[in-house]
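Derivation of every value follows stated rules applied to the coordinates shown; laboratory data play no part. Model, not experiment: these values are computed from the prediction. Cβ atoms come from the backbone with ideal geometry, glycine included; neighbour counts cover every protein chain shown.
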Amino acid sequence: MLNTQVKTPFLRLQTRLWPFFISLSLLSAAISLVQWFNIYISVNFVLIGLVVVSLLAFIWWRDVIRERLVGYHTSKLEYSFRYGILLFILSEVCFFVSFFWAFYDRSISPCVDLGVSWPPVGVVPLGVYSVPLLNTIILLSSGVRITWSHHSLQNNNYTASFISLLVTVVLGVYFLYIQALEYSEASFTLADGVYGSTFFVSTGFHGFHVMVGSAFLFYVLIRMGRYYLTYGHHFIFEAAAWYWHFVDVVWLFLYINIYWWGSL
């Protein structure tokens, strides 16, 4: 609940339990994921943890949206939101840096267990100019479309903005479909040594980010369709666009390093 007894450009919130519950559910989901990797539990426990996290986040964000509709979000508070999303993206950058670090630690100087070669002996990497290149074109095209949608919204052209954002969401879903086909046709698995683990963990987590970004954009699309966004106030659109551009840039690094460098 809001505490409006003190004059301030920021919101003075009373104590809430949402951060505690979300942190607890994230910890539970992470533990379940590790247990699933070691084949101790079913994947259903991981899905339940993710569903609980999603529900709690939805409730928390619903309260934030209500505060915006009431008029509590001042210009200074919106600046804090912008810094918050930028710091969140920075934390995601550090997250993927660890994957690239693990990849180059093994690929630059492969050990005897890997046959002193990269890719390891017996591993047939995926073709660089086939499905990975198609997915690169899809994501770059989606980045162009969401930029076009943003500029259209700033110019008060809701129809063009809505259509471009819809195309972006469709391209995101299509990317996930193509990636699922790629995984099903790969000649190696997650259990095939360090190559399989680094490939599937890095590209798989990126695919998870694409799924989250597509859901984020779809929610923005719903709000745009209900005319909640204006050309002067659309931070949620900007946050989703920043996140999507981050996903695009990470994929370029994955394509160049994991697919191209990893297959040399």
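Can you give the longest stretch of the chain with no exposed loop site, where a site means trypsin sites (Lys or Arg not before Pro) in a DSSP loop (not H, G, I, E or B) with at most 13 other C-beta atoms within 10 Å?
17-225
Please identify the chymotrypsin sites (Phe, Trp or Tyr not before Pro) of the range 87-195 that satisfy two criteria: DSSP loop assignment and at most 13 other Cβ atoms within 10 Å. Which are they? Walk me through the numbers before you get to the answer.
Working: sites: Phe88, Phe95, Phe96, Phe99, Phe100, Trp101, Phe103, Tyr104, Tyr129, Trp148, Tyr158, Phe162, Tyr174, Phe175, Tyr177, Tyr183, Phe188, Tyr195; in loops: Tyr129, Phe188.
Here the sparse-neighbourhood loop sites are Tyr129.
I want to check the label-to-label distance for Asn156 and Phe20. Put each point 7 Å from Cα in the C-beta direction and report it in nm to one decimal.
4.8
Provide, in order from the shortest bin, the percent of all Cα-Cα pairs of the chain in each 5 Å bin, continuing until the bin that contains the maximum pair distance.
In whole percents, the pair-distance histogram is 1, 5, 10, 14, 16, 16, 13, 10, 7, 4, 2, 1, 0, 0.
Helix-only estimate, please: 222 nm mean residue ellipticity of the chain, summing -39500 (n - 2.57) across DSSP H runs of length 4 or more and dividing by its residues, to the nearest 500.
The helix-only estimate for the chain comes to -25000 deg cm²/dmol at 222 nm.
Most mobile of Leu133, Leu217, Leu47 per a Gaussian network model of the chain (Cα springs, under 10 Å)?
Leu47
Which whole-angstrom value gives the distance between the alpha carbon centres of the range 168-200 and the range 48-69?
Rounded to whole Å, the Cα centres lie 29 Å apart.
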